[in-house]
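K.L.:
Attaching a single structure in structure tokens format; questions to follow.
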């Protein structure tokens, strides 16, 4: 839409005229009369001033907040009465936000600021010799994961693949609950309890299973201290329970077992866990295929065979075959 | 320590051992007749005296530390957490090789130079919590007097320096832990150190003088996440300089803190 043009003779703006400003505008007498009678304030559209072009920033300042605190997927009081509004508020506002702020303060301006959070957790873990911001990065990731694992009106039973795997690997949902309880109660100090999908791969070239079976990839219950998560062991986490005391002390005081059982009965979102499992299974099988291909390529190189370039593009659409000419 | 009279089979092999040998507490004696009978209720069995740990009471009422540590916190911290550690320790001791050790010996031995054995967490927690309750008193805090103040000023510069160092160490702990004022035996001076989980200066051979529990259960109900308020209140209103004095006196028997001040006539 062209901006309003000004009448060449009267100098007043003409709202109905949309023409290139290079053209000289000729107003009829009636139009001029209209313009003169009505005040420009009522009818004329304001002429938009041309915005000055910002000078191109040659050296942009580092973003002071590379990571933002992710908002909760539900309001603070949504998990009542199983997790009180006060607990959720304090947990998210003070502890989770505290970790986000500490992380931003440490990584601001460094090369880590560009990384994705999960990548940052793995890098800063540094294979057991963690960098100073590992605890903050890991706790931010863990807490995001934890809030998403819960939902108001949660609980119920898992379904489909998740249910099948739970029954295959643990026996029943009750057995799984018992194992999770045991892990939570034996975790001395602070930490997390996880249900993870484990692909049992070591990530080394000669990691060959002599008797592969479908059960190689299975669900496991693991507990981790303080800020560690099963990401660092190459597992695929499916659900997380925060057993740091600040997560349950105001509601359950010292009764960690009650907190965990209420979590499993009333707070957990099995849909989210199922989605994560689907994602995990897909990623795990894809990774296995890639590793097998790499192993095969290495073997062929060793055998000094000519390695054919493999076309990884998706197969082209089937086109109708052209008829051969009959000679 | 509580002595518990337990019926157990005679370990030396003499006497009759029947298939139904069970441990019976003193409450369940079967008396052969109504009159008080000194003879053994079960013939052919010997008695074995066993001893387990029990929950020691803090030297003040549970609400004596109000308003700096609420009654509910002390009730749960002592009655549930500390008690749970005692019970778990006793459960371990039923089958442990460390049965019969004193608590301090057990802490040092089960720490195993950094690869702690299964009894370490509970035994160290029991010792540390006993120490913690005794490190506090109602109307505590304020300034120490005399020799304790002199020693602190000698080793930290000023008393405020000590408080700052103590607070800084307490806030530097990530996760559960303790912060200690302890006497270094080799260097013969006081120092402040934070530790993780249930570790205490006993494991590295030094003498603890003050212990402050920085696990979340110690302060969450009263201060939520405001740890600095908790530590400041502990130093200003709760710490028992009397017990510090007693512990320093005992420590002087093991560590030579300097030439004695012999008054000159």
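The values are calculated or read from the model by the stated rules, or taken from the named source; none is laboratory data. Keep in mind that what you see is a predicted model, and the values were worked out from it rather than measured. Methodologically, a virtual Cβ is constructed for each residue, glycine included, from the backbone with ideal geometry; neighbour enumeration extends over all protein chains shown.
K.L.:
Can you spot a residue in the stretch B:129-143 that is within 14 Å of chain A (Cβ to nearest Cβ), in a helix (DSSP H, G or I) and modelled with pLDDT of 95 or more?
P.N.:
Of all residues in the stretch B:129-143, those within 14 Å of chain A (Cβ to nearest Cβ) come to B:129.
Still in the list and also in a helix (DSSP H, G or I): B:129.
Adding the requirement that they be modelled with pLDDT of 95 or more leaves B:129.
Checking the stretch B:129-143: at least one residue is within 14 Å of chain A (Cβ to nearest Cβ), in a helix (DSSP H, G or I) and modelled with pLDDT of 95 or more.
K.L.:
Considering only the stretch B:209-221, state which residues are farther than 15 Å from residue B:152 by Cβ and away from chain A (no Cβ under 14 Å). Lay out the reasoning, then the answer.
P.N.:
Of the stretch B:209-221, the ones farther than 15 Å from residue B:152 by Cβ are B:211-221.
Listed by number, the residues that qualify are B:211, B:212.
K.L.:
Still on this structure, please answer the following. Can you name every one of the strands (runs of 3 or more DSSP E) wholly within the stretch A:127-246 that holds 1 or more residues which are buried (at least 17 other Cβ atoms within 10 Å of the Cβ) and in contact (Cβ under 8 Å) with a residue 60 or more places away in the chain?
P.N.:
Ranges flagged: A:191-198, A:236-242.
K.L.:
Do the conditions hold for residue B:114, that is, is it under 23 Å from residue B:185 (Cβ atoms), touching a residue at least 60 places away in the same chain (Cβ under 8 Å) and more than 17 Å from the chain's Cα centre (by Cα)? Working first, answer last.
P.N.:
On the way: under 23 Å from residue B:185 (Cβ atoms): yes; touching a residue at least 60 places away in the same chain (Cβ under 8 Å): no; more than 17 Å from the chain's Cα centre (by Cα): yes.
So residue B:114 fails the test.
K.L.:
Let me ask something else about it. Condition (residue is within 14 Å of chain B (Cβ to nearest Cβ), closer than 25 Å to residue A:91 by Cα and surrounded by 15 or more Cβ atoms within 10 Å (Cβ to Cβ)) applied to the stretch A:261-270: is it met by at least one residue? Steps first, answer last, please.
P.N.:
Kept after step one, since they are within 14 Å of chain B (Cβ to nearest Cβ), are these residues of the stretch A:261-270: none.
Scanning the stretch A:261-270, I find no residue that is within 14 Å of chain B (Cβ to nearest Cβ), closer than 25 Å to residue A:91 by Cα and surrounded by 15 or more Cβ atoms within 10 Å (Cβ to Cβ), so the answer is no.
K.L.:
Take the residues of the stretch A:100-115 that are surrounded by 19 or more Cβ atoms within 10 Å (Cβ to Cβ) and away from chain B (no Cβ under 14 Å): which is farthest from residue A:250 (Cα to Cα)? Before you say what the answer is, go through the steps one by one.
P.N.:
Let us first name the residues in the stretch A:100-115 that are surrounded by 19 or more Cβ atoms within 10 Å (Cβ to Cβ), namely A:100, A:103-104, A:107.
Going one step further and asking which of them are away from chain B (no Cβ under 14 Å), we end up with A:100, A:104, A:107.
Numbers: A:100: 23, A:104: 29, A:107: 33 Å.
Residue satisfying both the conditions and the ranking: A:107.
K.L.:
With respect to the numbered conditions (1) touching a residue at least 40 places away in the same chain (Cβ under 8 Å); (2) more than 14 Å from chain A (Cβ to nearest Cβ); (3) surrounded by fewer than 21 Cβ atoms within 10 Å (Cβ to Cβ); (4) assigned to a helix (DSSP H, G or I), which one is the sole condition not fulfilled by residue B:246?
P.N.:
Result: residue B:246 fails condition (1) only.
K.L.:
I would also like to ask the following. Would you call residue B:235 modelled with pLDDT of 95 or more, more than 14 Å from chain A (Cβ to nearest Cβ) and either closer than 20 Å to residue B:125 by Cα or in a strand (DSSP E or B) (or both)? Walk me through it before giving the result.
P.N.:
Working: modelled with pLDDT of 95 or more: yes; more than 14 Å from chain A (Cβ to nearest Cβ): yes; either closer than 20 Å to residue B:125 by Cα or in a strand (DSSP E or B) (or both): no.
For residue B:235, the condition - modelled with pLDDT of 95 or more, more than 14 Å from chain A (Cβ to nearest Cβ) and either closer than 20 Å to residue B:125 by Cα or in a strand (DSSP E or B) (or both) - is not met.
K.L.:
I need the full set of residues from the stretch B:175-201 which are outside any strand (DSSP E or B) and either in contact with a strand residue (DSSP E or B) (Cβ under 7 Å, 6 or more places away or on another chain) or within 14 Å of another protein chain (Cβ to nearest Cβ) (or both), in order please.
P.N.:
Answer for the stretch B:175-201, where residues must be outside any strand (DSSP E or B) and either in contact with a strand residue (DSSP E or B) (Cβ under 7 Å, 6 or more places away or on another chain) or within 14 Å of another protein chain (Cβ to nearest Cβ) (or both): B:175, B:176, B:185, B:197, B:198, B:199, B:200, B:201.
K.L.:
Only one of A:250, A:281 is over 19 Å from the mean Cα position of the chain (by Cα), touching a residue at least 12 places away in the same chain (Cβ under 8 Å), part of a helix (DSSP H, G or I) and surrounded by fewer than 20 Cβ atoms within 10 Å (Cβ to Cβ). Can you tell me which?
P.N.:
Working: A:281 fails: over 19 Å from the mean Cα position of the chain (by Cα).
Unique residue meeting the criteria: A:250.
K.L.:
Given the criterion within 14 Å of chain B (Cβ to nearest Cβ), touching a helix residue (DSSP H, G or I) at 6+ places or on another chain (Cβ under 8 Å), part of a helix (DSSP H, G or I) and touching a residue at least 12 places away in the same chain (Cβ under 8 Å), identify the matching residue among A:118, A:86. Walk me through how you get there before you give the answer.
P.N.:
Details: A:118 fails: within 14 Å of chain B (Cβ to nearest Cβ).
Only one candidate qualifies: A:86.
K.L.:
Quick one: which of B:224, B:261 is surrounded by fewer than 21 Cβ atoms within 10 Å (Cβ to Cβ), out of contact with any strand residue (DSSP E or B) (no Cβ under 6 Å at 6 or more places or on another chain) and more than 14 Å from chain A (Cβ to nearest Cβ)? Before the answer, list the steps.
P.N.:
On the way: B:224 fails: more than 14 Å from chain A (Cβ to nearest Cβ).
When all the criteria are applied, what remains is B:261.
K.L.:
Taking residue A:97 as meeting all but one of (1) within 14 Å of chain B (Cβ to nearest Cβ); (2) closer than 26 Å to residue A:268 by Cα; (3) surrounded by 16 or more Cβ atoms within 10 Å (Cβ to Cβ), write down the number of the exception.
P.N.:
Evaluating residue A:97 over (1) within 14 Å of chain B (Cβ to nearest Cβ); (2) closer than 26 Å to residue A:268 by Cα; (3) surrounded by 16 or more Cβ atoms within 10 Å (Cβ to Cβ) leaves (3) as the failure.
K.L.:
May I pose another question? What number of residues within the stretch B:84-116 are closer than 30 Å to residue A:253 by Cα and in a helix (DSSP H, G or I)? If you could, list the steps in order and put the result at the bottom.
P.N.:
Residues of the stretch B:84-116 closer than 30 Å to residue A:253 by Cα: B:84-94, B:103-104, B:106-107, B:110-111, B:116.
Filter once more, so that each one left must be in a helix (DSSP H, G or I): B:84-93, B:103-104, B:106-107, B:110-111.
Qualifying residue count, the stretch B:84-116: 16.
K.L.:
Now for a different question. Residues that are in a strand (DSSP E or B), more than 14 Å from chain A (Cβ to nearest Cβ) and touching a helix residue (DSSP H, G or I) at 6+ places or on another chain (Cβ under 7 Å): does the stretch B:163-173 have at least one?
P.N.:
So in the stretch B:163-173, the residues in a strand (DSSP E or B) come out as none.
The answer is no, given that none of the residues of the stretch B:163-173 is in a strand (DSSP E or B), more than 14 Å from chain A (Cβ to nearest Cβ) and touching a helix residue (DSSP H, G or I) at 6+ places or on another chain (Cβ under 7 Å).
K.L.:
It is to be established whether one or more residues within the stretch A:217-234 are within 14 Å of another protein chain (Cβ to nearest Cβ), closer than 22 Å to residue A:124 by Cβ and out of contact with any helix residue (DSSP H, G or I) (no Cβ under 8 Å at 6 or more places or on another chain).
P.N.:
Within the stretch A:217-234, one or more residues are within 14 Å of another protein chain (Cβ to nearest Cβ), closer than 22 Å to residue A:124 by Cβ and out of contact with any helix residue (DSSP H, G or I) (no Cβ under 8 Å at 6 or more places or on another chain).
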